[in-house]
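Read the structure below first, then the notes.
Bear in mind that the values in this text are calculations on the coordinates, not laboratory data. What you see is a predicted model, and the numbers here were worked out from it, not measured in a lab. FYI the Cβ positions are ideal-geometry reconstructions off the backbone, even for glycines, and counts take in every protein chain you see.
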């Protein structure tokens, strides 16, 4: 199936919320399902249940979720790997490293040695690190002054390169004037 389809904003939001519900709840009692369903409709500002059912059916037809109606009227929905990746890609587009008010004086260093067979992931990581404001110190060494552990963990997961990427924190780097200048930090 072609994964290059476009999801409307409402369907994207339904998918995101389904991922959240699936992650948080797993299986739910029918009363919790009714509550979750109403919350989903309220969050999406949908007044008619039929609109939500159409959006979920469309996600099912796009092979992003599994969907079935039980005999008791409850609905079983599970998000497939492709659906999770779709929401992760959206999160990847909005990823950023927060800049605290005051720098703690430490350098975050990302080091990687990603095999040639994972070249696309290596290049995607390198590009995303540049996008996040990291400074390329050497070919496979990037530096940033602010805490970024969650962001790096997310990148390792989404690019499936966890065992090839390391993150460390250094108290100092000798001759860091160029880095301080790059990040507009006090000398």
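Set the Förster distance to 30 Å, then compute FRET efficiency between residue 61 and residue 124 from the Cβ-Cβ distance, nearest 0.05. Rounded to the nearest 0.05, the efficiency is 0.55.
Remark: spin-label model distance residue 113-residue 48 equals 6.1 nm, labels positioned 7 Å along the Cα→Cβ axis. If you sort the three axes of the alpha carbon gyration tensor as a ≥ b ≥ c, you get a/c of 1.5 or more for the range 97-182 and a/b above b/c, which makes it prolate.
Available extension along the chain between residue 157 and residue 140 is 4.3 nm, counting 0.36 nm per residue and deducting the alpha carbon span.
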